[in-house]
Structures are given as structure tokens and as C-alpha cells.
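To start, the structure itself, in C-alpha cells.
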Amino acid sequence: MALAGKNIVIAVCGSIAAYKIASLIRLLIKADAQVKVIMSKEATAFITPLTLSTLSKNPVLIDYYQPNTGEWNNHVEIALNADYILVAPATANTLAKMANGLCDNLLTAVYLSAKCPVLFAPAMDLDMWKHPSTQSNIHKLRSYGNILIPPGKGELASGLVGEGRLAEPEEIMDFLVKFTTKDLPLSGKKALVSAGPTYEAIDPVRFIGNHSSGKMGYAIAKQLEELGADVTLVSGPSALKMPERVHTVSVTSASEMLHACENYFEAADIVVMSAAVADYTPIEVATQKIKKKENEFSIELKKTADILATLGAKKREKQLLIGFALETNNELENAKDKLIRKNLDFIVLNSMQDKGAGFATDTNKVTIIDRSGNIREFSLKSKEEVAKDICSIIVDLS
Ligand code: CTP
């Protein structure tokens with residue numbers, strides 16, 4: 001789960017332990033990770049690129065360019081697309097190059113271009129491992145923020161016994177899972193986000209809806225996921241692409257949204273209701289398309305359940321509940337009233353008086369009011385940046 005959808009580049013160096021990478025790739029593919037393999041030329045003598053490309057379901061890259069077509073293997077792109085780079089087995093030679101900025105092959109060029117976390121799992125004979133120059137290179141790499149997956153002790157290919165054995169594929173896998181899930185501020189937390197409009201059916205072809213695009217809620221769901229939370233997004237009809245690694249539940253009407261939110265509320269630590277839920281719904285839904293006959297026509301409506309208030313009434317002490325308020329006048333007063341009435345921890349106010357705020361725009365301008373009466377005004381920003389502001393308050397309160 002932790003590695004699902006993550007782009008992992010494995011950089012394989014020339015060591016007999018390269019054979020273990022075949023098993024590691026299988027474990028990663030089983031965990032739904034996307035794996036791309038880069039090999040040094042020396043590594044190809046220990047395990048074939050064909051084996052690793054078959055297992056990883058991706059071509060294996062070795063040179064700066066494809067020798068047959070002359071096509072360039074863009075090391076910058078490979079590095080920037082990676083969520084994690086794992087150098088395994090990392091030989092003494094490659095570690096020395098990495099520590100000193102040498103880049104005489106594609107593998108080291110990708111390393112130097114990386115902005116994502118780089119993990120390295122050394123493999124070498126015990127005396128090479130103990131040598132002060134290897135140890136000083138490892139120290140240097142760790143000081144750059146690279147993460148060491150320590151080698152194990154045991155029988156080495158030379159027949160000697162000691163430290164230097166590449167960690168076993170299962171150990172590397174455990175290390176990766178722990179590394180990718182720990183230290184994130186919302187790791188272990190479950191979040192529920194509502195987003196988008198609701199459509200209230202009038203007849204089989206018509207509905208009452210609104211202009212909400214879902215952008216704000218989708219950006220919040222994505223940001224919470226990036227902060228380590230396990231996120232469920234309950235979304236009304238939206239043209240947006242479902243955020244990756246977020247469990248998305250699609251609903252249409254306010255009552256469907258209520259039921260979906262109630263299902264996930266109990267387990268949630270963080271709940272952000274950003275959907276623009278219809279306040280009224282037709283009392284009766286015509287089973288056939290309504291024909292135009294009369295000059296005047298009216299539809300009787302009834303109130304929908306207020307999802308946020310329903311959840312607020314059930315909220316446990318440790319749950320964080322966040323709502324939105326879209327106001328045209330008396331903004332602060334109305335928002336404060338909703339904060340108390342719906343039992344929220346904080347409320348995000350959009351004023352329709354602000355240009356660039358609210359529905360169907362890429363930007364938003366919000367004011368955040370908490371239970372202690374603190375009021376924080378933010379400038380006009382992209383919805384992604386607004387989501388970051390909101391989530392950083394969530395992190396502070398979590
Ligand atoms: N909300 C909800 N269910 C509803 C209506 C609103 O969960 N049936 C939530 C929205 O997701 C939002 C907050 O309540 O987080 C505020 O919605 P808003 O429409 O601004 O407020 P209302 O409570 O509906 O009040 P009014 O329409 O009177 O402003």
C-alpha cells in the first residue's frame with residue numbers, strides 16, 4: 001500500500017549481489033510500485049538486462065543513449081520522475097563516485113540529477129567495507145541526506161565471513177516501506193474529504209446542481225495524502241482526474257454523499273467537508289421526462305441533511321472537523337456562527353466579494369477562523385497552495 005503507484009528507480013551496480021535485485025523487483029511490482037532499472041555496464045555481467053526488464057515491465061537503461069538508435073536517455077527526466085532512487089547493490093566504486101560527484105555513466109548522472117530521496121544498499125567484501133575511504137564516502141553520502149540501508153553480516157562471495165553482504169530483498173522492502181511511511185506528519189492518520197457539487201434529480205434527464213468543480217477538495221485530498229494520511233475522497237460529479245493513491249468514492253446526490261461520509265466518518269481522524277452540497281432537493285422525482293405544458297412551473301423542494309452538522313453532532317474529542325463557508329455578506333459573523341453551530345475545529349471562509357475566490361476558479365482567497373477566535377487571512381493563491389495552508393494547520397492540530 002505504502003509503495004503503490006510510487007516511481008522507484010533501482011540503480012544496479014556490478015556486484016555478484018545483483019542477482020538479489022530480481023527478487024526485490026518482484027516484491028516491488030507485487031506492492032504495485034512502478035519500477036525502472038538502470039544498470040552500470042559492469043552490472044550486466046552479473047545479471048542480464050532482459051531479466052530485469054521483464055520483471056520490472058520497463059526497458060532497462062544502461063548508456064547515456066540507445067546504441068542502436070542514438071536516442072538520448074534523459075537522465076534529468078528519469079531522476080525528476082522518480083519518487084525514490086535506490087542504489088542496490090551499491091559497490092565501493094559507485095559509492096565513491098556518488099560521494100565525489102563523478103558521473104561517467106548514466107547511473108551516476110541520474111543520481112546527480114535527483115531531487116527525491118536516494119537510498120543506497122552497499123554490497124562488498126568485508127575489508128573493502130571497513131576501509132576508511134569507503135566509510136568516509138558513506139559518511140559523506142549520509143551528510144548529503146542519502147539514506148544507508150546497512151549491509152548484513154554473513155558469508156561473502158569471497159568465502160570470507162563478515163559485514164558487507166547486500167541486505168536481503170525482504171529487508172530492503174521492509175526498509176523502503178518503513179522509510180516511505182514514517183516521518184510524514186500525518187502517517188497513520190485516516191482522513192475523509194468531501195468535494196464537488198451534488199446533483200439533485202428532477203426527472204431522469206434534469207437536475208439541480210451548482211458550479212463547484214471540486215478543485216479545492218481534490219487539492220486538499222492530494223495534499224493530505226502527500227503528508228502521509230490514508231485518504232478517502234467522497235466526490236460529487238466532477239471532471240477532475242481522481243488523485244493518485246486516494247480512495248475515491250463517487251456519489252451524485254446529497255443523500256448519497258451523506259451516507260458515504262457517514263460510512264467513513266467513524267474511522268477518520270481528520271474530516272474536511274469542502275463539497276458544495278445542495279441545500280434543497282425535489283420532494284418528488286418524476287419517473288418520466290417532464291413535458292413543457294404550463295407557462296409557469298414550480299418544483300417543491302425539501303431541505304437536505306446538513307452533512308457537516310450531522311458529523312459535527314457525532315464528533316469525538318480527538319477528531320478534527322473542518323468546514324467551508326461561502327458567503328456574500330456578513331462573512332465573518334456567518335462563518336463564526338457555522339463554526340459553532342456545526343461543532344468544527346476551524347472553518348475556511350470564502351468571500352464572494354473577493355475576486356478569484358470560490359467556485360470553478362484555479363485560485364482561492366480564504367480566511368481561516370478557529371474555535372479560539374483566531375482569524376488568519378491569506379492572500380489570493382492557487383488552490384494547491386491554499387490546500388497546503390489548510391493542511392499545515394491540520395498538521396499543527398493533529
Ligand atoms: N454542507 C454540508 N451539507 C449540506 C450543506 C453544507 O456538509 N447539506 C457543508 C459544506 O460542505 C461546507 C459547509 O457545510 O463545508 C458550509 O456550507 P454553506 O453552503 O456555506 O453553508 P450552509 O450551512 O448550507 O448555510 P447557508 O446556505 O445558509 O449559508
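Which of the following residues is touching a Leu at 6+ places or on another chain (Cβ under 6 Å), modelled with pLDDT of 95 or more, near the ligand (Cβ under 10 Å from one of its atoms) and open to solvent by less than 40 Å² (accessible area, probe 1.4 Å): MET257, MET273? If you could, list the steps in order and put the result at the bottom.
Working: MET257 fails: touching a Leu at 6+ places or on another chain (Cβ under 6 Å).
So the residue among MET257, MET273 that is touching a Leu at 6+ places or on another chain (Cβ under 6 Å), modelled with pLDDT of 95 or more, near the ligand (Cβ under 10 Å from one of its atoms) and open to solvent by less than 40 Å² (accessible area, probe 1.4 Å) is MET273.
Could you say whether any residue in the range 294-308 is within 11 Å of the ligand (Cβ to nearest atom) and either more than 20 Å from GLU256 (Cα to Cα) or surrounded by 20 or more Cβ atoms within 10 Å (Cβ to Cβ) (or both)? First the steps, then the outcome.
So the first thing to find is which residues in the range 294-308 are within 11 Å of the ligand (Cβ to nearest atom), and the list is 303-308.
Narrowing the set further to residues that are either more than 20 Å from GLU256 (Cα to Cα) or surrounded by 20 or more Cβ atoms within 10 Å (Cβ to Cβ) (or both) leaves 307-308.
Yes, some residue in the range 294-308 is within 11 Å of the ligand (Cβ to nearest atom) and either more than 20 Å from GLU256 (Cα to Cα) or surrounded by 20 or more Cβ atoms within 10 Å (Cβ to Cβ) (or both).
Testing ILE172 on (1) touching a residue at least 24 places away in the same chain (Cβ under 8 Å); (2) in the same structural domain as ILE347 (by TED's automatic domain parsing), one condition comes back false. Which one is that?
(2)
Tell me, which residue of the range 276-293 that is within 13 Å of the ligand (Cβ to nearest atom) and open to solvent by less than 100 Å² (accessible area, probe 1.4 Å) is farthest from ASP230 (Cα to Cα)?
We begin by selecting, within the range 276-293, every residue within 13 Å of the ligand (Cβ to nearest atom); these are 276-281.
Next, from what is left, pick out any that are open to solvent by less than 100 Å² (accessible area, probe 1.4 Å): 276-278, 281.
Values: ALA276: 23, VAL277: 24, ALA278: 27, THR281: 32 Å.
In this case the residue turns out to be THR281.
Can you confirm whether the range 124-140 contains a residue that is part of a strand (DSSP E or B) and open to solvent by less than 20 Å² (accessible area, probe 1.4 Å)? Give the derivation first.
As a first pass, look at the range 124-140 and keep what is part of a strand (DSSP E or B): none.
Scanning the range 124-140 turns up no residue that is part of a strand (DSSP E or B) and open to solvent by less than 20 Å² (accessible area, probe 1.4 Å).
All but one of (1) in a strand (DSSP E or B); (2) buried (at least 23 other Cβ atoms within 10 Å of the Cβ) hold for ILE202, so report the exception by its number.
It is condition (2) that ILE202 fails.
If you scan the range 153-179, which residues turn out to be over 13 Å from LEU119 (Cα atoms), exposed (fewer than 14 other Cβ atoms within 10 Å of the Cβ) and of a type outside the set (Val, Ile, Thr)?
LYS153, GLY154, GLU155, ALA157, GLY159, LEU160, GLU170
The values are calculated or read from the model by the stated rules, or taken from the named source; none is laboratory data. Predicted model, so just to flag it, every value in this text is computed and none were measured. In this analysis, Cβ positions are derived from the backbone assuming ideal geometry, glycine residues included, and neighbour counts consider all displayed protein chains. Note: areas computed on protein heavy atoms with side chains; ligands, DNA, RNA excluded. Shrake-Rupley method; radii C 1.70, N 1.55, O 1.52, S 1.80 Å.
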